[in-house]
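Presented below is the structure to which this report refers.
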Amino acid sequence: MNHKTLFEKTHLKNITLQNRIVMAPMTRARTSQPGNVPNDMMATYYKQRATAGLIISEATQISDDSQGYSFTPGVYTDEHVKGWQPVTSAAHKEGAAIFCQLWHVGRVSHPTFQKGGLPIAPSALAPVETKVWISDEEGNGKMVDCIQPRAMTQDDIDRVIQDFAYSAKRAIEAGFDGIEIHGGNGYLIDQFLRTNSNHRTDKYGDTRENRIRFLLEVVDAVSKEIGSDKVGVRLAPFITFKDMDCPDIVPTILDASRELQSRNIAYLHLSEADWDDAPVIPENFRIELRKLFSNTIIVAGSYTQERANEILNKGYADLVAFGRPFVSNPDLVSRLKNNYELAALDGNTLFGGNAKGYIDYPVYNTKVLEVEV
């Protein structure tokens, strides 16, 4: 037992973190239009939650064709960079480090986001029972089914790899301390990793070595641009939604983890299922992962303070990320530290909209604890 606690200072490569608590990446869809530009309201949102040791931003587009949901931000234009700068500055002023999560959604998209064309994916396979959120400029949105994508050519693959590298560079210009490559939850990189979404017969398909190639080429390109010490990767070995139930994904991700350790990236971030009947991650997987990956491991998935301290002290993780509790509790770190009650989440205001359900959640009222004399 290492006797670690959530509230102690630690290090992420060359960055000192004020605690082991991470604000998980969460799509909130509050950008300014047109252009999906980060704004001052977003800066307030992140500032309110910057008592975390590390903030990982909401998933952020690397190109025009990488989008799958309305109002999600980008980080590849001058306007995006300018919009993110107040966000990163606000987080730093409150003591938090902040990484930008970069994604390409692949087949989890719609022609609305593709200028009328088809989304791209490893193979021309439509995800079953998978929807994306599309909204008009007034915020009137609906969920629509994904369609069959087109299989990526080598030119497509090369371009997307360079889009990741370019966006990583722009993220650093925007003031982020590093970037997280989204390789989980059914999006493009995850689609390459899994046998049910990747039916390719070229060097990017069939074998485990080939299925992890795209991920590694993205990591290598991004690392060359900004340094491997500023690169994290998110993976989701036990999450199967968005039609991603692959029987070979766990050994594939373990192979990928070995390769990521050899590249000395900053961290590996495990996205764990967080619904009531979610699969329990076997302890032998955590043990094996730790043997293969000795750098920082972040876990995320409905962790309580008790479970968080347990996994830290077993050595299976170094940081613990909290998602939904951070939405309704901007002062989550204080609430956990003082065992204050957590505020309930208004699920109706998660995606899109205005300040309501975004920056109007109050901090805990300590006055109710005072005893009148």
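Couple of notes before you dig in:
- When Gly83, Gly106, Gly117 are checked against the criterion of being touching a helix residue (DSSP H, G or I) at 6+ places or on another chain (Cβ under 9 Å) and closer than 17 Å to Asn185 by Cα, a single residue qualifies: Gly106.
- Residue in the range 264-282 that is touching a residue at least 24 places away in the same chain (Cβ under 8 Å), among the acidic types (Asp, Glu) and outside any loop (DSSP other than H, G, I, E, B) present: no
- Residue that is buried (at least 20 other Cβ atoms within 10 Å of the Cβ), modelled with pLDDT of 95 or more and touching a helix residue (DSSP H, G or I) at 6+ places or on another chain (Cβ under 6 Å), where the choices are Leu215, Leu188: Leu215
- Count - residues of the range 71-118 that are open to solvent by less than 10 Å² (accessible area, probe 1.4 Å) and not in a helix (DSSP H, G or I): 18
- Within the range 323-342, restricting attention to residues that are open to solvent by less than 10 Å² (accessible area, probe 1.4 Å) and out of contact with any Ser or Thr (no Cβ under 8 Å at 6 or more places or on another chain), the residue that is nearest to Val22 (Cα to Cα) is Phe326.
- The range 227-263: number of residues that are without any contact (Cβ under 8 Å) to a residue 12 or more places away in the chain and open to solvent by less than 30 Å² (accessible area, probe 1.4 Å): 1
- Residue match in the range 281-298 (condition: of a type in the set (Gly, Ala, Ser), open to solvent by less than 10 Å² (accessible area, probe 1.4 Å) and at pLDDT 95 or above): no
- Residue match in the range 313-322 (condition: touching a Gly at 6+ places or on another chain (Cβ under 9 Å), outside any loop (DSSP other than H, G, I, E, B) and β-branched (Val, Ile, Thr)): no
- Scanning the range 1-48 for residues that are assigned to a helix (DSSP H, G or I) and aromatic (Phe, Trp, Tyr) yields a count of 2.
- Count - residues of the range 359-373 that are farther than 22 Å from Tyr45 by Cβ, charged (D, E, K, R) and at pLDDT 55 or above: 1
- With respect to the conditions (1) out of contact with any strand residue (DSSP E or B) (no Cβ under 8 Å at 6 or more places or on another chain); (2) crowded, with 16+ Cβ neighbours inside 10 Å; (3) charged (D, E, K, R), Arg20 lacks only one, and its number is (1).
- Verdict on Lys224 being open to solvent by 30 Å² or more (accessible area, probe 1.4 Å), touching a residue at least 60 places away in the same chain (Cβ under 8 Å) and over 24 Å from Val280 (Cβ atoms): no
- Matching residues in the range 201-212 - criterion: being closer than 15 Å to Thr153 by Cβ and open to solvent by 30 Å² or more (accessible area, probe 1.4 Å): Thr201, Asp202, Lys203
The values are calculated or read from the model by the stated rules, or taken from the named source; none is laboratory data. If you're wondering where the values come from, they're calculated on a predicted model, not measured in any experiment. Positions of Cβ are generated from backbone atoms using ideal geometry, with glycine treated the same way; all protein chains shown enter the neighbour counts. Ligands, DNA and RNA are stripped out before the accessible areas are found, and what is left, the full protein with its side chains, is counted by its heavy atoms. Shrake-Rupley method; radii C 1.70, N 1.55, O 1.52, S 1.80 Å.
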